[in-house]
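In what follows, a structure is listed as structure tokens, so that the remarks can point back to it.
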Amino acid sequence: MEARIDPVSADVLAGIVKAYDIRGICPEELGPSTARALGFAFAEWSGAACIALGRDMRPSGIELAESFADGVQSAGVDVIDLGLASTDLLYFASGRLDVPGAMLTASHNPAEYNGIKLCGPGAAPVGADSGLAEIAQRAAAGSVVGDARGRRTRRDLLDTFAHHVRSFVDIESLAPLRVVADTANGMGGHVVPAVFEPLPFEVELLYGELDGTFPNHPADPIRPENLVDLSERVLVTGAEVGLAFDGDADRVFLVDERGRPVTGSMLTALVAQAMLRRHGPGPILHNLICSRAVPEVIVESGGQPVRTRVGHSYIKAEMARTGATFGGEHSGHYYFADNYRADSGLIAALIALETLSSAAVPLSALLAPLDRYASSGEINTRVANVDEVLRRTAAHFAELPQDWLDGLTVDGGDWWFNLRPSNTEPLLRLNLEAPDAAAVAQRVSEINTLLA
């Protein structure tokens, strides 16, 4: 009897295949047979001779990685097994080895979730419009397994990756800063010590044990409640800065010496300044929900701001098109041309620490000139008809400049907002910025009446 890869239900795939990755509850939505089929489909789609594979610390990742690797090998394709890895380590491996990559992770999602992030050779993005939909179609069809079977070899690139991250800063210029790094029991506990060990910083690792059940707090640093422990520890220890990583350690958020969270927009602006000082004038990318301060700072620093849609596949494509050295997202993703255009919170964190090392002021004072506006944060609202609400909102503000690059953006002069539909739910995501908190509250209230 011929060996087969069982097809995956179209309903199952519709629930787990997102715009940029695959994600679902394990094993109900994403189990071993689905992982095997996706591994086979990815291997066939890629046409590659070998694929790099990493996984995070979630307990379900062990079996899922085995099944995904089996699917790849069943397609006659070799597997380079990186073992435990952060997502940016997987992207680095894909770039350095010039092979497609797969990372078993659900990033910041709760413990019951797992997922798969895919990339092409050189860490090229694989999203819904760049291969992911076709991979899902292949998994839905199933397949007969041929006679040839790929090999699986283990390769440890952690030290090589750590050296690569450190290459983005002048190590001799680093000061002995006191740093608290909250890795939230995620993969930061694996990669942060490897990167920071030779550096002069005094680093305290908070929740550094790898534990995919997240016993201390969720690994989602964009939410202020998940920064409380880090903020308290920074204040207790007198640290100059706190670093907060998400579950797969590709994102980072900062906490200043006063224990106050630093937005992704502010870190984008700070890193943009550093990159322009180092590389000279040129394009710098920022997504359209970043603070208006970001393009202002880029211009003031001699750069050319390029506004993009939200999402890594769009950022990476624009980096290739424009030749930008750096791009940042408000959500804590930071992309570097010299990192195969992939994102790395570790690289962004080191550049921020290098900047702070040479500053004569604490982090709060360093960031103060960049913190120019009040914002709403992202407000999610469930609506009955996304398109109808967007049209109604656009009509309400018809006299103001608008664009539809990614959802609806309205420019009110000294205030602006973006209203984007979710890729997976009947939600609209509102981001609004104005001169002060009172103006933000007034404008949010006005828009909320349109969402009802």
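The values are calculated or read from the model by the stated rules, or taken from the named source; none is laboratory data. In this text the structure is predicted, and so the values were computed from the model without any measurement. All Cβ positions, even for glycine, are placed from backbone atoms using ideal geometry, and neighbour counts span all protein chains on display. Heads up: the accessible areas ignore ligands, DNA and RNA and are worked out on the full protein's heavy atoms, side chains in. Shrake-Rupley method; radii C 1.70, N 1.55, O 1.52, S 1.80 Å.
A few notes on this one:
- Counting only residues that are part of a loop (DSSP other than H, G, I, E, B), in contact with a Gly (Cβ under 9 Å, 6 or more places away or on another chain) and not β-branched (Val, Ile, Thr), region 206-233 holds 11 of them.
- Top-ranked residue in region 405-448 [being within 18 Å of His286 (Cβ to Cβ) and either among the basic types (Lys, Arg) or free of Cβ contacts under 8 Å to residues at least 12 places away in the same chain (or both); ranked as least open to solvent (accessible area, probe 1.4 Å)]: Arg420
- Flag for Glu172 being part of a helix (DSSP H, G or I) and either open to solvent by 40 Å² or more (accessible area, probe 1.4 Å) or on the phi > 0 side of the Ramachandran plot (or both): yes
- Take the conditions (1) under 22 Å from Leu408 (Cα atoms); (2) touching a helix residue (DSSP H, G or I) at 6+ places or on another chain (Cβ under 6 Å); (3) among the small types (Gly, Ala, Ser); Gly302 misses just one of them, which is (1).
- Verdict on Ala360 being hydrophobic (A, V, I, L, M, F, W, C) and in a helix (DSSP H, G or I): no
- For region 54-153, no helices (runs of 4 or more DSSP H) sit wholly inside it while including 3 or more residues that are at pLDDT below 95, in contact with a strand residue (DSSP E or B) (Cβ under 7 Å, 6 or more places away or on another chain) and under 30 Å from Glu225 (Cβ atoms).
- The one condition from (1) in contact (Cβ under 8 Å) with a residue 12 or more places away in the chain; (2) closer than 25 Å to Ile347 by Cα; (3) open to solvent by 40 Å² or more (accessible area, probe 1.4 Å) that His163 does not meet is (1).
- Residue, most open to solvent (accessible area, probe 1.4 Å), within region 211-233, restricted to residues that are aliphatic (A, V, I, L, M) and in contact with a Ser or Thr (Cβ under 9 Å, 6 or more places away or on another chain): Ile222
- Test: Glu354 is part of a helix (DSSP H, G or I), among the acidic types (Asp, Glu), modelled with pLDDT of 95 or more and surrounded by 15 or more Cβ atoms within 10 Å (Cβ to Cβ): yes
- Tally of residues being among the small types (Gly, Ala, Ser) and surrounded by fewer than 23 Cβ atoms within 10 Å (Cβ to Cβ) across region 108-123: 3
- Within region 376-404, tally of residues that are open to solvent by 70 Å² or more (accessible area, probe 1.4 Å), under 15 Å from Val444 (Cβ atoms) and either in contact with a helix residue (DSSP H, G or I) (Cβ under 7 Å, 6 or more places away or on another chain) or among the polar types (S, T, N, Q) (or both): 2
- Tally of residues being over 22 Å from Asn287 (Cβ atoms), in a loop (DSSP other than H, G, I, E, B), under 27 Å from the mean Cα position of the chain (by Cα) and not aliphatic (A, V, I, L, M) across region 372-392: 0
- Residues of region 1-50 that are open to solvent by 50 Å² or more (accessible area, probe 1.4 Å) and touching a Leu at 6+ places or on another chain (Cβ under 6 Å): none at all.
- For region 234-283, filtering for residues that are hydroxyl-bearing (Ser, Thr, Tyr), part of a helix (DSSP H, G or I) and either open to solvent by less than 10 Å² (accessible area, probe 1.4 Å) or under 20 Å from Arg372 (Cα atoms) (or both) leaves 2.
- Residue in region 284-295 that is surrounded by the most Cβ atoms within 10 Å (Cβ to Cβ), counting only those that are in contact with a Phe, Trp or Tyr (Cβ under 8 Å, 6 or more places away or on another chain) and not polar (S, T, N, Q): Ile284
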